[in-house]
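Only the coordinates and a few stated rules stand behind these numbers; no lab work does. What you see is a predicted model; the values in this text were computed from it and never measured. Every residue, glycine among them, receives a Cβ derived from its backbone with ideal geometry; neighbour counts consider all protein chains shown.
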Amino acid sequence: MVENEIQASIDQIFSHLERLEILSSKEPPSKRQNAKLRVDQLKYDVQHLQTALRNFQHQRYTREQQERQREELLSRTFTTNDSDTTIPMDESLQFNSSLQKIHHGMDDLIGGGHSILEGLRAQRLTLKGTQKKILDIANMLGLSNTVMRLIEKRAFQDKYFMIGGMLLTCVVMFLVVQYLT
């Protein structure tokens with residue numbers, strides 16, 4: 001109520017200042033500059049008063065809002081499992097467990113690939129030993145050199161077929177992984 005009275009007084013002062021400004025323009029030229037300066041000074045002072053009133057109103061409004069919020073907080077009852085205080089972690093936990101399963105699966109795949117590679121190395125040693133024994137037996141039986149060369153050529157060609165098959169298998173596995181993920 002007091003604020004409204006102050007605002008009404010400020011508005012009345014502004015209207016009087018406008019009237020004074022009109023009257024100052026009717027003053028003789030020698031006094032006109034001085035009168036206009038005094039009216040401008042009064043306008044400036046009134047504007048400061050209006051700004052101070054607005055600041056006071058803003059502070060009062062802020063204080064009232066804080067008191068309202070404080071009362072609201074003090075009157076509110078809190079429970080232990082309130083829906084506002086829960087943290088949604090189910091999706092994160094599922095994502096983490098899926099990543100761990102994938103990690104273990106990749107470890108298993110790497111371990112399987114390592115054991116297959118070891119098996120292939122052992123088979124290579126076995127086949128080399130077998131090839132040497134066959135060549136020794138063939139030499140004992142008296143097979144001709146041309147037959148021996150044909151066997152060695154066939155073994156050389158089989159080696160390329162094996163490498164090509166391994167590369168083709170790797171490419172197929174890579175494409176399957178690319179398209180399935």
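Sequence-ordered 3J(HN,Hα) estimates for segment 108-125 from the Karplus curve with 6.51, -1.76 and 1.60 and θ = phi - 60° stand at 5, 5, 5, x, x, x, 5, 5, 5, 4, 4, x, 5, 5, 5, 5, 4, 4 Hz, glycine and proline given as x. How about residue 132: which lysines have a C-alpha closer than 28 Å to its C-alpha, ignoring those fewer than 8 places off in the same chain? Hits, sequence-local ones excluded: 153, 159.
Between residue 73 and residue 1, the FRET efficiency from the beta-carbon distance, with R0 = 35 Å, is close to 0.75. Compared with the direct C-alpha span, the chain from residue 52 to residue 131 gains 17.9 nm at full extension, assuming 0.36 nm per residue. Computed from point charges on the beta carbon alone (+1 for Lys and Arg, -1 for Asp and Glu), the dipole magnitude for the chain about its Cα centre is near 1360 Debye. Once the Cα atoms are used to define both axes, helix 145-180 deviates from the longest principal axis of the chain by about 20 degrees.
Estimated purely from DSSP H runs of n ≥ 4, each contributing -39500 (n - 2.57), the mean residue ellipticity at 222 nm for the chain is -32500 deg cm²/dmol once divided by its residues.
A cut-off under 14 angstrom between Cβ atoms defines the neighbours of residue 126, and their net charge, with Lys, Arg +1 and Asp, Glu -1, is +4.
Of the options (1) 336; (2) 147; (3) 113, only one is volume of the Cα convex hull per residue in Å³ as computed from these coordinates, and that is (1). Its Cα centre serving as origin, segment 1-70 has a Cβ charge dipole (Lys and Arg +1, Asp and Glu -1) of approximately 180 debye. Please work out the FRET efficiency for the pair residue 116 and residue 157, using the Cβ-Cβ distance as r and a Förster radius of 22 Å; give the result to the nearest 0.05. The value I calculate is 0.40.
A dipole drawn for segment 8-57 from +1 and -1 charges on Cβ atoms has a positive end, and of 41, 28, 52 the residue lying farthest that way is 28.
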